[in-house]
Structures are given as structure tokens and as C-alpha cells.
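Visitor: Take this structure first; my questions come after.
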Amino acid sequence: MKKILFIVGSQRKNSFNTQLAQKLISMISDRVETAVLNYQDVPFFNEDIEYPNPECVAKVKEQVNNAHGLWIITPEYNGQVPGSLKNLLDWLSRPEEKGNWTKGSIIKNKAVMISSVAGKSAGVHVRTSLSSLLKAMRMNLIDDQGSGVALSNEHFASQILTISEKEKDLFEQQIQKFIQYLSVIPK
Ligand SMILES: Cc1cc2nc3c(=O)[nH]c(=O)nc-3n(C[C@H](O)[C@H](O)[C@H](O)COP(=O)(O)O)c2cc1C
């Protein structure tokens, strides 16, 4: 079975983005192996502490490396990628050996999908900027704009993410596109 690792751009306990990751996992887990990356201990990136990688960074990199695809699900912070997620991506974008770019980073050519739960914009701004960031990191973006859910006042009041049948259908289409892509890449 292929493996998809979910990376959520919010560290919040009741995060709507984490709730979306859980919904997607329940829709997909009969078809692929899934896991959610825990990266809350990853320090601020600093070249002075880069090599050897701190232990928690090495653990995170191992999980990313072992996944066939990544699914990044993120809120929009001031129209942009949240700092903690950008920090993680900076770590992942670096070569395994200091200064040795011959093989590139572990995320080079890695298949990636994006989704966002955010305000009225449904995260269109963060999805656009994340899309260009991932391309700059030479990742293999399966669907340029990904998918988004716009939070309503009811969502904010209840803190529970509900999605419509129409949204569920769109997620199912995104899942099928990702699985179809993963099915043709080598083990
Ligand atoms: C610092 C900050 C900036 C935000 N900026 C935006 C924004 O630009 N666009 C938007 O739609 N929502 C914005 N929001 C609202 C988030 O979309 C909303 O709080 C969302 O629930 C956060 O995701 P989470 O529930 O997964 O933690 C912002 C929230 C925070 C905390």
C-alpha cells in the first residue's frame, strides 16, 4: 500500500485543518496508509544548527522520506503560509549532506496535494502562495490550486468542522487524482 503523510499547518488543539485531515483520512484509509506528522518540536531553522540535523528534525525527515506523497492542509495567516509550516518546509528543502546538492532534498519530486480551511476566501491566497513555494522547492504538485473550505460563523461558534455533500464530492475527486498518481510511481 502507498503511504500518504498529512502535514497540518496549525498547532491548535481544536484546529479545523486537523479536523479536515481526520475526515480525509477516514475517506482514504481503505486505499492508502496514512499518518499525521507531528513537528511541533522542530526548532527555528538556523544554518548554525543544521548539520548534523537535530534529533527531532531527523525523525520528521525520516517520516517524510518514507511517505510516497504528502498532503498539506493549512490555515491562511494574513494571506500567507503560517510560520511554523514555512519553517518546517525550509528544513525539508535542504540537502541531506552539507553543500551536496547532487541528489537534492528529500522533498525534491515528492508528490504533494494541498488543501485549506480558512475564512471566506477558503484559503485561496495561502493555496496560491503555498503552490509557488512548493514549486520553488521542486516538489511535484499534483493539483495546482488544491481544495478549500470556507468557515462560517456557525463553524466558529461550534468549533466543529462540517462539510457539505458537494465539498465531500470535490475531496473524493482530489483523493482519486492523488491515488491515481501514486499508483503509477515505483514502490
Ligand atoms: C494570525 C492569524 C491570521 C489569520 N489570517 C487569516 C487570513 O488571512 N485569511 C483567512 O481566511 N483567515 C485568517 N485567519 C483565520 C483562520 O483562517 C482561522 O482562525 C482558522 O480557524 C485557523 O485554522 P485552524 O482552525 O486549523 O487553527 C487568521 C488567523 C490567525 C490566528
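A short reminder: the numbers here are calculations on the coordinates, not readings from a lab. Here the structure is a predicted model, which is why all the values come from computation and not from measurement. Cβ placement follows ideal geometry from the backbone for every residue including glycine, while neighbour counts extend to all protein chains displayed.
Visitor: Could the peptides 74-84, 22-32 be put in order, highest first, of the mean number of other beta-carbon atoms found within 10 Å of their residues?
Guide: Packing proxy ranking, top to bottom: 74-84, 22-32.
Visitor: Over all directions, what mean area does the Cα convex hull of region 78-170 project, stated in square nanometres?
Guide: Projected over every direction and averaged, the Cα hull of region 78-170 covers 7.0 nm².
Visitor: Nearest-5 percent of antiparallel DSSP beta bridges in the chain?
Guide: Percent antiparallel among DSSP bridges in the chain is about 10.
Visitor: Starting with the fewest neighbours, write out Met1, Met139 ranked by other beta-carbon atoms found within 10 Å of each beta-carbon.
Guide: Met1, Met139
Visitor: Could you work out the pair-distance distribution P(r) of region 41-113 from its alpha-carbon pairs, with 10 angstrom bin width and percents rounded to whole numbers?
Guide: Per 10 Å bin, starting at zero, the Cα-Cα P(r) for region 41-113 comes out as 17, 51, 29, 3 percent.
Visitor: With 10 angstrom as the radius, rank Ile107, Ile7 by how many other C-beta atoms surround their C-beta, starting from the fewest.
Guide: Lowest to highest Cβ neighbour count: Ile107, Ile7.
Visitor: Hey, another quick one. Once you have the alpha carbon radius of gyration of region 3-184, what is it after dividing by 2.2 N^0.38 Å, with N set to its residue count?
Guide: Rg over 2.2 N^0.38 Å, computed on Cα atoms: 1.01.
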